[in-house]
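Written out below as structure tokens is the structure these notes cover.
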Amino acid sequence: MTGKKRLVAALAAAAALALPVAEAHAATTEIVRSTSSNWAGYAVASSDPTAPVTFTTVSGSWVQPAATCTGGQPSYSAFWVGLGGLATGSQALEQIGTESNCTAGGSATYAVWYELVPAASVPVKLKLFPGNRVSASVTVSGQLVTVQLKNLTRKTSFTKRLTMAAPDVSSAEWIAEAPSACSNSGQCTTLPLANFGTISFTSAKATVAGYAGTISDAAWSPTAIDLQGSVGGFFGRRFGAMATAAGATPGDLSSDGSSFSVTWAESAAAPGGPPAS
């Protein structure tokens with residue numbers, strides 16, 4: 001349902017301060033700004049490709065947004081935390097989250113899911129309504145992956161422990177996404193993005209070797225990702241040509257680096273056309 005993305009253009013980049021984890025502090029590093037065909041939000045990874053950072057846990061909270069639906073065409077949106085999938089050529093991504101979708105008849109639906117790419121997403125039988133506050137986390141230890149989501153409003157929770165041959169732990173993400181539909185041949189199309197309004201991610205943290213920091217921690221390099229609905233292409237099994245002109249943009253990080261918002265917007269460019277300026 002969700003899966004990998006491709007960053008297609010780095011708009012601004014600067015070398016982040018590379019500190020050993022034991023010496024890391026909450027100082028804000030320079031933020032890379034990039035665009036994607038299906039992700040909007042923030043990701044963190046090592047600023048030095050020769051010295052990868054190994055993440056063990058990612059966590060965050062959000063209030064489930066209400067989808068604004070009109071009849072005629074179904075649309076979809078997903079919100080999640082995850083590990084992996086950021087690097088070009090990555091073949092794995094471990095994630096858990098929620099979705100706000102619209103049916104062709106104009107009705108909104110809400111659900112919980114998890115996914116260990118390259119496997120397909122798995123629905124979770126946990127009731128979810130717009131306005132519910134949820135918290136989610138993904139933890140990887142060797143080949144053991146633990147995904148957890150709590151509906152703090154309804155006081156319900158879901159935890160699943162799974163094994164994965166080769167999980168990707170080179171990055172951590174907090175993302176609003178336009179999900180993809182994939183054929184048996186492996187070609188994928190990014191689905192129309194539902195109008196979710198604005199979603200705010202809070203309490204965003206990642207952990208490396210027992211050290212927990214926020215998105216702006218100097219132990220890693222943060223990337224802000226804009227979803228541009230006019231971008232198209234193929235990437236592995238999950239990335240595909242765009243089928244929507246809608247996009248989404250992350251706002252600035254909070255002063256402590258633990259919170260930000262993502263806002264849905266219509267794109268000025270038609271699907272398949274050049275990126276909006």
Determine which single condition G105 fails, assuming it passes every other condition in (1) out of contact with any Gly (no Cβ under 8 Å at 6 or more places or on another chain); (2) exposed (fewer than 14 other Cβ atoms within 10 Å of the Cβ). (1)
I96 passes all but one of the listed conditions (1) under 18 Å from P179 (Cα atoms); (2) among the β-branched types (V, I, T); (3) surrounded by fewer than 21 Cβ atoms within 10 Å (Cβ to Cβ); the exception is number (3)
Result of the Cβ filter at 6 Å on the range 103-128, keeping first residues that are closer than 17 Å to R161 by Cβ and partners that are among the small types (G, A, S) and buried (at least 16 other Cβ atoms within 10 Å of the Cβ), at least 6 apart or interchain, is W113/S121; E115/S121
When you go through S77, S90, S47 one by one, which is the residue that is at pLDDT 95 or above and among the small types (G, A, S)? S77
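To keep it simple, each residue is scored yes or no on (1) over 20 Å from G41 (Cα atoms); (2) of a type in the set (V, I, T).
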site	(1), (2)
L86	no, no
T98	no, yes
G106	yes, no
L152	yes, no
May I ask you to verify whether V32 is surrounded by 24 or more Cβ atoms within 10 Å (Cβ to Cβ), at pLDDT 85 or above and farther than 18 Å from F196 by Cβ? no
From the list T163, T214, T153, T207, which residue is among the hydroxyl-bearing types (S, T, Y), within 15 Å of L83 (Cα to Cα), surrounded by fewer than 17 Cβ atoms within 10 Å (Cβ to Cβ) and at pLDDT 95 or above? T163
Residue under question is V134, and the condition is that it be crowded, with 23+ Cβ neighbours inside 10 Å, in contact (Cβ under 8 Å) with a residue 40 or more places away in the chain, in contact with a strand residue (DSSP E or B) (Cβ under 8 Å, 6 or more places away or on another chain) and more than 24 Å from S37 (Cα to Cα); does it hold? yes
Suppose the filter is under 25 Å from T146 (Cα atoms) and among the small types (G, A, S); does A51 pass it? no
Considering only residues that are surrounded by fewer than 24 Cβ atoms within 10 Å (Cβ to Cβ), not small (G, A, S) and not in a loop (DSSP other than H, G, I, E, B), which ones fall in the range 61-93? V63, T68
Condition first: assigned to a strand (DSSP E or B) and of a type in the set (S, T, Y). Now tell me which residues in the range 152-189 satisfy that. T156, S157, T159, T163, S171, S180, T189
Of all residues in the range 137-148, which are surrounded by 14 or more Cβ atoms within 10 Å (Cβ to Cβ) and over 15 Å from the mean Cα position of the chain (by Cα)? T139, V140, V145, T146, Q148
Of the residues in the range 173-194, those that are farther than 27 Å from P222 by Cβ and modelled with pLDDT of 90 or more come to L191, P192
For the range 222-246, name all the residues that are at pLDDT below 95 and assigned to a strand (DSSP E or B). F235, F239, G240, A241, M242, A246
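The values are calculated or read from the model by the stated rules, or taken from the named source; none is laboratory data. Just so it is clear, the structure is predicted and the values come from calculations on it, not from any experiment. Methodologically, a virtual Cβ is constructed for each residue, glycine included, from the backbone with ideal geometry; neighbour enumeration extends over all protein chains shown.
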